[in-house]
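K.L.:
Sharing a structure, written as structure tokens. Questions coming.
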Amino acid sequence: MKLAVFETEQWEHDACLRLRPAYEVSCVRDILDEASARIHAKAEIISSFVYSQLDARVLAHFAQLRLIATRSTGYDHIDLGYCQSRGIIVCNVPGYGNTSVAEHVFALLLGLARKIADAAERTRRGRFDQAGLRGFELKGRTIAVIGAGRIGMRVIEIARGFSMDVIAVDARPDELAAQRLGFRYASLDAALGQADIVTLHVPATPETRRLIAEREFALMKPGAVRGHLLRRAQPLSRLHQSFPIPARLLGRATELTSLNQSMHYKRDRGARSLLARQLAPSQASPHRRKRMASERPSSVQASAPGIVEPHAYSLVGPRFVPGRSARCGLAAGARS
């Protein structure tokens, strides 16, 4: 069976090669686009990360495609409708980065709360006064976690460690977890009205695209902080226009999943300052990278349509897999 793995880094090659000799494996450094799809058109299984756009135009080149294994939690870069219509199974790896992402949330939050980036920049310029650098403590603050899935639940655990009051918003409340960790569920409107800090951990779908818009901003407390994830890169000079901070809010902390050539931050002093204050690239810890290397091969070990290993979750395909203990769920029921 032919397997093509795209967007590979050197440290991923050993993990990919462990699939031999059961599979004819090709490790490709480039993203999967129409050009690379033509070269590897005979692949029956493909695996990519989030920077490859697996739309109908790209996937149409793979006449024998049976399985797509995205090496990520998110799957908004894949045309699930096309895969469903062609009987192509799609799997993700939902659990490898829970702790790394949740800890990064608090790295950004503490940086904003303590104005660390502003203080560091001032120090570089030889200024050591503290005027305008007064921050705030997290203890006793109310944080609203929008999306209490795997990552959101880890954020809640860390927030409780900071003695924060936690309100969760989720379509499927877990009351046992709420009792164990000491948080409560509320509606989105109620949570926004009570929160000092709002953090979003929902999949990027058309339904969540404008989850927080003008109406929701108006519900927030003056001086609140929000955080979110940008999946699509754009010039930094336009970020403030596309994602403005309302005057009533204290600030925003944002994680970027990519910094590419469209982000001309080295040429734009204003944009570079914006980057330092509010934006940070997504970072994977060594432990997270080790889990990525060990779990990703499991998500592509398929000997027939419908057969996936325990670490892979099926987004398009059978809910339960005969002969295996893998837990599978359709895209509509998946959470990250």
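The values are calculated or read from the model by the stated rules, or taken from the named source; none is laboratory data. Bear in mind that the values here come from a model prediction, so they are computed numbers and not experimental data. For neighbour counting, all protein chains shown are included, and Cβ atoms are generated from backbone atoms with ideal geometry for every residue, glycine included. Areas reflect the complete protein model, heavy atoms only, side chains present, ligands, DNA and RNA absent. Shrake-Rupley method; radii C 1.70, N 1.55, O 1.52, S 1.80 Å.
Here is a yes/no grid of residues against (1) buried (at least 22 other Cβ atoms within 10 Å of the Cβ); (2) more than 25 Å from the chain's Cα centre (by Cα); (3) modelled with pLDDT of 95 or more:
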position: ALA35; (1), (2), (3): no, yes, yes
position: ALA43; (1), (2), (3): yes, yes, yes
position: LEU54; (1), (2), (3): yes, no, yes
position: GLN64; (1), (2), (3): no, yes, yes
position: ARG71; (1), (2), (3): yes, no, no
position: ASP76; (1), (2), (3): no, no, no
position: GLN84; (1), (2), (3): no, no, no
position: GLY87; (1), (2), (3): no, yes, no
position: PRO94; (1), (2), (3): yes, no, no
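K.L.:
Of the residues VAL25, VAL50, which is open to solvent by less than 40 Å² (accessible area, probe 1.4 Å) and farther than 21 Å from THR205 by Cα?
P.N.:
Values: VAL50 fails: farther than 21 Å from THR205 by Cα.
Selected residue: VAL25, the only one of VAL25, VAL50 that is open to solvent by less than 40 Å² (accessible area, probe 1.4 Å) and farther than 21 Å from THR205 by Cα.
K.L.:
Here's another thing I want to ask about it. Only one residue in ARG184, ARG124 is basic (Lys, Arg) and under 26 Å from THR73 (Cα atoms). Which one?
P.N.:
ARG184
K.L.:
Out of all the residues in segment 161-175, which are of a type in the set (D, E, K, R) and either buried (at least 24 other Cβ atoms within 10 Å of the Cβ) or farther than 23 Å from PHE217 by Cβ (or both)?
P.N.:
Listed by number, the residues that qualify are ARG172, ASP174, GLU175.
K.L.:
Whether any residue in segment 151-160 is loosely packed, with under 15 Cβ neighbours inside 10 Å and either closer than 18 Å to HIS104 by Cα or touching a Lys or Arg at 6+ places or on another chain (Cβ under 9 Å) (or both) is what I want to check.
P.N.:
no
K.L.:
Any idea how many residues of segment 176-209 are assigned to a helix (DSSP H, G or I), open to solvent by less than 40 Å² (accessible area, probe 1.4 Å) and of a type outside the set (Val, Ile, Thr)? Please lay out each step first, then the result.
P.N.:
First pass over segment 176-209, keeping only residues assigned to a helix (DSSP H, G or I): 176-181, 188-194, 206-208.
Right, trim to open to solvent by less than 40 Å² (accessible area, probe 1.4 Å) and you get 177-178, 181, 188, 190-193, 208.
Next, only the ones that are of a type outside the set (Val, Ile, Thr) stay: 177-178, 181, 188, 190-193.
Number satisfying all stated conditions: 8.
K.L.:
Given the condition farther than 21 Å from ALA191 by Cα, at pLDDT below 90 and touching an Asp or Glu at 6+ places or on another chain (Cβ under 7 Å), answer yes or no: does some residue in segment 135-143 qualify?
P.N.:
no
K.L.:
Another question, then. Would segment 168-191 turn up any residue that is at pLDDT 95 or above, among the aromatic types (Phe, Trp, Tyr) and within 25 Å of GLY111 (Cβ to Cβ)?
P.N.:
yes
K.L.:
Kindly provide the set of residues from segment 108-143 that are open to solvent by less than 60 Å² (accessible area, probe 1.4 Å) and either within 18 Å of the chain's Cα centre (by Cα) or among the aromatic types (Phe, Trp, Tyr) (or both), ordered by number.
P.N.:
The answer is LEU108, LEU109, PHE136.
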